[in-house]
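Have a look at the structure below, then the notes.
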Amino acid sequence: MPVFYGVLWCSRIEKSVFLNKAVAEHLETFLASLDADPDAKGLPAYVQRKFYDYLQCGILAHGFLRLGCDTCKKEMLLAFSCKRRGFCPSCAGRRMAQTAAHLVECVIPWVPTRQWVVSVPIPLRYWTAPSKELTAKVHTIIRTTIAQYYMNQDVKSGIERQKVQPGSVTFIQRFGGAINLNVHYHVVFLEGAYLDIQQEAPCHLSVLRKMPMETSCTRLQNRGLMARQALHCRHWNC
């Protein structure tokens with residue numbers, strides 16, 4: 001097993017040997033059982049492609065790059081990855097690290113931030129799961145409500161609303177801790193807002209207060225997306 005700069009390197013297959021072995025041994029049997037069951041709907045084609053691409057991930061026989069060092073003359077073969085967003089531990093971990101680095105280095109400024117984790121009632125989770133449009137509408141309501149809170153804090157101090165600009169990044173998670181269907185929203189907001197000053201650099205205004213999430217729930221009710229008797233909103237401040 002090669003060693004580079006004192007770090008032990010291992011292939012993707014070695015990192016997820018048990019998962020890879022389980023998928024390789026039981027995938028065809030699993031798909032065949034779905035085809036044989038008249039009541040089963042089967043897996044979508046894109047899900048099956050992710051399974052097959054995962055089985056080829058990190059295998060030299062399916063393509064590789066040959067890397068060499070001009071100084072020490074050592075060489076190694078680097079197998080192609082599947083680059084899928086499903087359950088491949090290697091590709092998912094790399095995507096997560098690259099996204100985090102991009103946000104820290106290129107997107108989020110060096111100002112305080114706050115994560116808002118917003119859950120929705122169980123019926124609404126099932127409605128949003130197959131609908132991108134409904135998921136986007138719920139996200140817009142949540143993001144707008146939190147953004148207005150930050151803007152209102154600055155407006156109360158005498159600043160014009162048109163000059164106040166909040167900022168946020170949202171990640172929509174579709175499962176819970178038990179791998180159950182649980183569409184919820186992780187929203188990272190700048191803790192405050194930016195004041196747009198003409199001919200000068202924008203000035204960040206910090207806000208250190210808490211906000212109840214009942215406003216978002218009320219907007220969902222007004223649009224018919226939530227029954228009043230099913231009001232179960234929770235809010236975490238981090």
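The values are calculated or read from the model by the stated rules, or taken from the named source; none is laboratory data. Just so we're clear, the structure is a prediction, and the values are computed from it rather than from any experiment. As a convention, Cβ positions derive from the backbone with ideal geometry for all residues, glycine included, and neighbour counts pool all protein chains shown.
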Requested in this report: From (1) crowded, with 19+ Cβ neighbours inside 10 Å; (2) within 18 Å of the chain's Cα centre (by Cα); (3) within 12 Å of Ala193 (Cβ to Cβ), pick out the condition that doesn't hold for Tyr150.
Outcome: (2)
Report task. Could you list all residues from the stretch 41-74 that are more than 24 Å from the chain's Cα centre (by Cα) and farther than 22 Å from Ser90 by Cα? Result -> Lys41, Gly42, Gly68, Cys69, Asp70, Thr71, Cys72, Lys73, Lys74
Query raised in the report: Which is touching a Ser or Thr at 6+ places or on another chain (Cβ under 8 Å), surrounded by 13 or more Cβ atoms within 10 Å (Cβ to Cβ) and under 30 Å from Leu181 (Cα atoms), of Val138, Val117?
Result: Val138
Report task. Could you list all residues from the stretch 17-40 that are at pLDDT below 90, within 30 Å of the chain's Cα centre (by Cα) and surrounded by 10 or more Cβ atoms within 10 Å (Cβ to Cβ)? Result -> Val17, Leu19, Asn20, Lys21, Ala22, Val23, Ala24, Leu34, Ala40
Report task. Output yes when any residue across the stretch 167-182 is more than 15 Å from the chain's Cα centre (by Cα), modelled with pLDDT of 80 or more, closer than 22 Å to Ser119 by Cα and buried (at least 16 other Cβ atoms within 10 Å of the Cβ), and no when none is. Result -> yes
Query - Unmet criterion (only one of (1) among the hydrophobic types (A, V, I, L, M, F, W, C); (2) under 24 Å from Arg85 (Cα atoms); (3) over 17 Å from the mean Cα position of the chain (by Cα)) for Val138 - result: (3)
Query - Total residues in the stretch 78-121, condition over 14 Å from the mean Cα position of the chain (by Cα), over 28 Å from Phe51 (Cα atoms) and not aliphatic (A, V, I, L, M) - result: 9
Query raised in the report: at negative phi, touching a Phe, Trp or Tyr at 6+ places or on another chain (Cβ under 6 Å) and at pLDDT below 60: does that describe His186?
Result: no
